[in-house]
1. I'd like the full set of residues that are touching a residue at least 12 places away in the same chain (Cβ under 8 Å), farther than 21 Å from residue 88 by Cα and either in contact with a strand residue (DSSP E or B) (Cβ under 6 Å, 6 or more places away or on another chain) or small (Gly, Ala, Ser) (or both), limited to the stretch 50-70.
2. Of the residues 151, 189, only one is in a loop (DSSP other than H, G, I, E, B) and either under 15 Å from the mean Cα position of the chain (by Cα) or on the phi > 0 side of the Ramachandran plot (or both); which?
3. What residue, of 23, 9, is more than 24 Å from residue 220 (Cβ to Cβ), at pLDDT below 75, surrounded by 10 or more Cβ atoms within 10 Å (Cβ to Cβ) and over 24 Å from the mean Cα position of the chain (by Cα)?
4. Return only the number of the condition from (1) open to solvent by less than 70 Å² (accessible area, probe 1.4 Å); (2) closer than 18 Å to residue 124 by Cβ; (3) basic (Lys, Arg) that residue 182 does not satisfy.
5. Hey, does the stretch 65-84 have a residue that's among the basic types (Lys, Arg), within 26 Å of residue 222 (Cα to Cα), open to solvent by 80 Å² or more (accessible area, probe 1.4 Å) and modelled with pLDDT of 70 or more?
Amino acid sequence: VPLTTGSEKDSVQIVTREITLQKHNEEQLRHKKEELTFINRIVSHDIKNDVSVISGWAEVLAEHTEADATEMVDRIKTTSDHIAELSGIAKDFVDSIEGTTDVDLEAVALGEIVTTEVSKLRSKHDDATITVADDIDTVVRANELLSSVVGNLLTNAVRHNGAAAPEIEITTTTTATTTILRIADNGPGIPDSEKEDIFEKGRKGNDSPGSGIGLYLVSKLVGQYNGEIWVEDNEPTGAVFAVELQISNPDLD
């Protein structure tokens, strides 16, 4: 019977310690992740409730405010809406990375998502003209967070628009295997040098009121759907955010 040398024993002990340490670190990471997820859900819930109260009182206050103070009330409303948006983005981002790296995809009606998110945008921005093509009825492979993708892109199209009358046009191009959703605006557009970097975490324009995390979240989610996202130029001015998604396949969903 071969004898185990001292060096071999030492190697086995080192490997055993490394495996034990790795398992310990993984367990600690799992606990921290569970705690952060729990805290995020509680905080998001409380922030959402508090912001709803602030927005409600701002609307009431607007009816009893003199003209010279109306701007301040509008700022309160805008800021509270932004806080609610950031809270929603944070929750969606945690939800997107919770669990394993594999994301369960299912059949999602793109038209229903677009209709819902357009309705939300119109309720907040009645000065925006939003045109939706009649043929956005594709069923794609995604999950419930697809609403966050569409909602963030629509909000982005209005927030960074700058035009006196923001205009948004939503269309789709469908092949046998994919659908490309395009959200076009009449804003200032995005320089070629920024078209790829704009999806990086924390990237935003100098005059942007946002956090720079919304488009990063969108990019991460689209990637989880095995899709692609990019920016095109609109004519005569503006940007087009294109999202390519896989057509739903009953054998895969």
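1. Passing the criteria: only 62.
2. Details: 151 fails: in a loop (DSSP other than H, G, I, E, B).
Testing whether each residue is in a loop (DSSP other than H, G, I, E, B) and either under 15 Å from the mean Cα position of the chain (by Cα) or on the phi > 0 side of the Ramachandran plot (or both) leaves just 189.
3. 9 is the lone residue from the list that is more than 24 Å from residue 220 (Cβ to Cβ), at pLDDT below 75, surrounded by 10 or more Cβ atoms within 10 Å (Cβ to Cβ) and over 24 Å from the mean Cα position of the chain (by Cα).
4. In the conditions (1) open to solvent by less than 70 Å² (accessible area, probe 1.4 Å); (2) closer than 18 Å to residue 124 by Cβ; (3) basic (Lys, Arg), residue 182 misses (2) alone.
5. Going through the stretch 65-84, the residues among the basic types (Lys, Arg) turn out to be 75, 77.
Remaining after also requiring within 26 Å of residue 222 (Cα to Cα): none.
Checking the stretch 65-84: not a single residue is among the basic types (Lys, Arg), within 26 Å of residue 222 (Cα to Cα), open to solvent by 80 Å² or more (accessible area, probe 1.4 Å) and modelled with pLDDT of 70 or more.
The values are calculated or read from the model by the stated rules, or taken from the named source; none is laboratory data. All of these numbers come straight from a predicted model, not from anything done at the bench. Here the Cβ is made from the backbone with ideal geometry for all residues, glycine too, and neighbour counts use every protein chain on show. For the accessible areas, the whole protein counts, side chains as well, though only heavy atoms, and no ligand, DNA or RNA atoms are used. Shrake-Rupley method; radii C 1.70, N 1.55, O 1.52, S 1.80 Å.
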